[in-house]
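Here's the structure we're looking at; comments come further down.
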Amino acid sequence: MQQDKRLPHNGKEGLLYGSLIVTMTVLLMTSYSVLLYTNHLTMDTLWIILKIMPVMWISAMVLEAAVFGRIAESLTAKLTNTSSSFHQKILLRIVFTVIGMSVAMTFIGDMAANGFHGEIFSNWLANWPRNFLIVLMAESLLIQPLARLAMVKLHAAQDRKAAIAQ
């Protein structure tokens, strides 16, 4: 299968691509964190996940688009050039985005689940390294490839429609 090098960064495609990544990551990490905290899967656990999910998704969408995605893009541009490989650029962008997002979302997740409390900083110190590693692996090995595959399929469908219309 041919790799589509057109990564959407702007417009509707960029929003779709970012939404796919954020949705999959938030679903994974919110579910994982709640299950780790509750230690079992029940209807109450699923209800907690469903209640926290919108806060986490909106927070992640805003932070990625307004802050960490821009920082990651800028750092990647500074550390790469036109001869840098597609995979090198993607990996750097993933690493920089995951660092920023995991720092912020570990705080936000704790506050969404437990409110603002005295142990928020010690909880962050205990949870961030694990969250960072899980998200980095998930983004690199599963989430980003799935989102890119979805975009390749979308482009192929759009190309077929355009060919039929001509």
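All of the numbers you see were taken from the coordinates with simple rules; none came from a lab. Computed from a predicted structure; not experimentally measured. Neighbour counts run over all protein chains shown; Cβ positions are idealised from the backbone, glycine included.
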What number, in percent, do you get for the relative contact order of the chain if the mean sequence gap of Cα pairs under 8 Å and at least 6 apart is divided by its residue count?
27
Given the candidates ILE164, ILE143, ASN123, the one whose Cα lies deepest towards the positive end of the charge dipole of the stretch 119-166, counting +1 at each Lys or Arg C-beta and -1 at each Asp or Glu C-beta, is ILE164
In degrees from 0 to 90, rounded to the nearest 10, what is the angle of the helix 120-138 Cα long axis to the longest principal axis of the chain?
30
Inter-centroid distance (Cα atoms) of the stretch 110-166 relative to the stretch 30-104, Å
5
So what's the angle, to the nearest 10 degrees on a 0 to 90 scale, between helix 69-79 and the longest Cα principal axis of the chain?
60
As a test of the formula, what do you get for the chain when each DSSP H run with n ≥ 4 contributes -39,500 (n - 2.57) and the sum is divided by the residue count, at 222 nm and rounded to the nearest 500 deg cm²/dmol?
-27500 deg cm²/dmol
